[in-house]
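Down below is the structure, laid out as structure tokens.
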Amino acid sequence: MIADMREALEAVLGPISEPVLLAGGASKEAWAVDAGDERLLVRRAAGGVIHRHTLSLRHEFEVLSAAHEAGVLVPRPVAYIEDLDGREAFVMERLDGETIGRRIVRMAVPERLPVQMAEELAKIHGLSAERLPFLEEASIERLVDELDDVGEPHPAIELGLWWLRENRPPPRLPVVVHGDFRIGNLVVDESGLVGVLDWEFAHLDDPARDLSFALVRAWRFGVPEKRLGGIGDAEPYLERYNELTGFDVQPEELDYWEVAGNVGWAIGCLTQAQRHLTGQDRSVELAILGRLGAEVEYEICHLLERQGVT
Amino acid sequence: MSERPTPDELTEAIEEFLAGEILATLEDQRLRFRTLVALNALGIVRRELAQLPPQDDAEQRELAARIRAGDVPVGTIARVKADVEQRLRIASPNYLDRYSDE
């Protein structure tokens, strides 16, 4: 199978090194190959189920290409391959740096990382939606449907959804968003931000929602006092973002969408566990998320109390 | 209170992991033997769990439905938070310590 894949890749890239499987997720594979001096990464569909609300690899490649053209720090897109030994795939540059969140928060990251994150996000939110007509608009109402699909009672999540309904800030015009912009989906080294990865959740949405996702406590990787992804404060991040976009996002909007991010991830934990429980992807890692979601539910309660809910 | 995965479902996931992923990688005969013994032990746990009465989530369902309907009287959050705390004492007991300074 690797030989077939190599042959198909060489038809596009010329002679390459033996592909090495880096990570095997349930829905995507990542292979490292070198073509001469070029260090490349092949992102290929895996056998598992494709999830709702995620882009196909063809569309993800188009978003990556649009981001690259707009000067966003991303791996350089190389080629989309419709049939790579039976599955779709694309090839991109393989960036050097750390992507594991738990390690990034322990690295000596430069002080300007929050500002760099804001700069990349401002560029992303400026991408042309006309160029990417397949992107769908998301709403927080979708969260209710996802929770109902799980079918378990979770009063803390209901309370979060209730608060979100009652306190909705005036909606902003939807823009192209990354959809999963947080530490863990960024490549970072000692000099700062190297690249933004994992574009499969790109869609059209309120920019403040995308901006706030990196604040969710679960993505602070054990450094809760640093609100921005365990690496810094939210203020310089928000300030730089506003400076570049002129959107004038208010701190209260960050608070609102931080609650929404937690509600989304609390439901995400349950839907991940469902993948195991329904037999889609049997895995002890997915199974335990069904229980660890209680951490996120606790954070929802904590944030609502801080908002004065009694 | 009801929780998924249930204790039986969690134990089953461990069983599948050991039998399906770990066992095939083990060359050391002693480790293979002990892993088979561990799987037997998990089988005992599962059969024991099967004798427990099923969990009852009626109260949580009712609370969730009331909040969905917008019926959120003062004191709701305290009750909900206490329930989540109780679940965390099982699922992730150290997690609560991280809030001690806040």
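What to note about this one:
- Count - residues of the range A:155-191 that are away from chain B (no Cβ under 14 Å) and of a type outside the set (D, E, K, R): 18
- So residue A:152, is it over 18 Å from the mean Cα position of the chain (by Cα), closer than 30 Å to residue B:56 by Cβ, within 14 Å of another protein chain (Cβ to nearest Cβ) and buried (at least 23 other Cβ atoms within 10 Å of the Cβ): no
- Test result for residue A:218, under 23 Å from residue A:113 (Cα atoms), of a type outside the set (S, T, N, Q), in contact (Cβ under 8 Å) with a residue 60 or more places away in the chain and out of contact with any strand residue (DSSP E or B) (no Cβ under 8 Å at 6 or more places or on another chain): yes
- Filtered residue count, the range B:40-78, keeping only those that are within 14 Å of another protein chain (Cβ to nearest Cβ) and within 18 Å of residue B:13 (Cα to Cα): 1
- One residue stands out among those in the range A:7-59 that are of a type in the set (Lys, Arg) and modelled with pLDDT of 90 or more: the one that is farthest from the chain's Cα centre (by Cα), which is A:39.
- Some residue of the range A:197-210 being at pLDDT 95 or above and closer than 16 Å to residue A:114 by Cβ: yes
- Check on residue B:3, surrounded by 13 or more Cβ atoms within 10 Å (Cβ to Cβ), out of contact with any helix residue (DSSP H, G or I) (no Cβ under 6 Å at 6 or more places or on another chain), facing another protein chain (nearest Cβ under 10 Å) and not in a helix (DSSP H, G or I): yes
- Residue that is nearest to residue A:160 (Cα to Cα), among those in the range B:79-91 that are among the aliphatic types (A, V, I, L, M) and more than 7 Å from chain A (Cβ to nearest Cβ): B:82
- Test: residue A:236 is in contact (Cβ under 8 Å) with a residue 24 or more places away in the chain, away from chain B (no Cβ under 14 Å), more than 28 Å from residue A:23 (Cβ to Cβ) and buried (at least 23 other Cβ atoms within 10 Å of the Cβ): no
- Qualifying residue in the range B:19-28 (condition: free of Cβ contacts under 8 Å to residues at least 12 places away in the same chain, more than 10 Å from chain A (Cβ to nearest Cβ) and in contact with a helix residue (DSSP H, G or I) (Cβ under 7 Å, 6 or more places away or on another chain)): yes
- Checklist (1) at pLDDT 95 or above; (2) under 25 Å from residue A:224 (Cβ atoms); (3) more than 7 Å from chain A (Cβ to nearest Cβ) applied to residue B:94, failing item: (1)
- Residue match in the range A:33-44 (condition: among the hydrophobic types (A, V, I, L, M, F, W, C), surrounded by fewer than 21 Cβ atoms within 10 Å (Cβ to Cβ) and over 25 Å from residue A:242 (Cβ atoms)): yes
- Total residues in the range A:143-175, condition touching a residue at least 24 places away in the same chain (Cβ under 8 Å) and either assigned to a loop (DSSP other than H, G, I, E, B) or over 20 Å from residue A:295 (Cβ atoms) (or both): 10
- Output for the range A:239-283, where each listed residue is among the hydroxyl-bearing types (Ser, Thr, Tyr) and within 14 Å of chain B (Cβ to nearest Cβ): A:271, A:278, A:283
- Entry remark, the range B:18-55: residues being out of contact with any Lys or Arg (no Cβ under 9 Å at 6 or more places or on another chain), more than 21 Å from residue B:89 (Cβ to Cβ) and part of a helix (DSSP H, G or I) number 25 in total.
The values are calculated or read from the model by the stated rules, or taken from the named source; none is laboratory data. Keep in mind that what you see is a predicted model, and the values were worked out from it rather than measured. With ideal geometry, Cβ positions are generated from the backbone for all residues, glycine too; neighbour counts draw on all protein chains shown.
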